[in-house]
Structure formats: structure tokens, C-alpha cells
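For reference, the structure is listed below as C-alpha cells.
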Amino acid sequence: MERDGQLELYDRVAARLRDAHRTVRALQVPEDVRQALTRKLLVITAAAKQDLPGAERRLDRLMEDVDAGWSSRDEPGGRCGESS
């Protein structure tokens, strides 16, 4: 039973990561911002291999920031509230 839940979580996170990458590619932002977002997504993707629930939480936070307009606290070179 636990395995089924883990597979569902894996499928959900994988689909959301795919959608997040598409969203970042489509953003009308400077290239350095797009690169920073892409790096964050790659870190989350790597983290998902070890901590799937944690990666889902990190993805939630990142996409909330993207949806909010990639606020100034997350500009490249700045420190974000999460450890990516």
C-alpha cells in the first residue's frame, strides 16, 4: 500500500517538475533570471531522488515565487528563503 502512495507522489512530482520547466522557459524575464530558476529546478529534481516529499515542498515554494512574479528577494545573486 505504501508503495502505491509513493508511486502516486513520484508521478505527481514528475509532472509538476515538467510543467515547472515549461513555465520557466516561457517566462518573459532576463536570461540570468531564467538560468537561476532553471538551476533551482535542477536542484529540486536532484533532491527528489533522495527526499520526494521535501522536493515537492521546495517545488511548491519556488512556483509560488514564480507565480508571484519572481520577487526581488530571489534575484540572481541574492539569497532566497529556501536552501536550493
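None of the figures in this text is laboratory data; all of them are computed from the coordinates on show. Quick caveat: nothing in here was measured; it's all calculated off a predicted structure. For neighbour counting, all protein chains shown are included, and Cβ atoms are generated from backbone atoms with ideal geometry for every residue, glycine included.
A few points about this structure:
- Amide H partners (placed H, <5 Å) of VAL29, local residues excluded: none
- Residues in segment 56-62 carry Karplus couplings, in order, of 5, 5, 5, 5, 4, 5, 5 Hz; the curve used is 6.51 cos²θ - 1.76 cosθ + 1.60 with θ = phi - 60°, and Gly or Pro positions show x.
- Order by protection proxy (mean Cβ within 10 Å, highest first), peptides 54-65, 22-33: 54-65, 22-33
- Separation in nanometres of the label points that stand 7 Å from Cα toward Cβ, at GLU31 and ARG57: 3.6 nm
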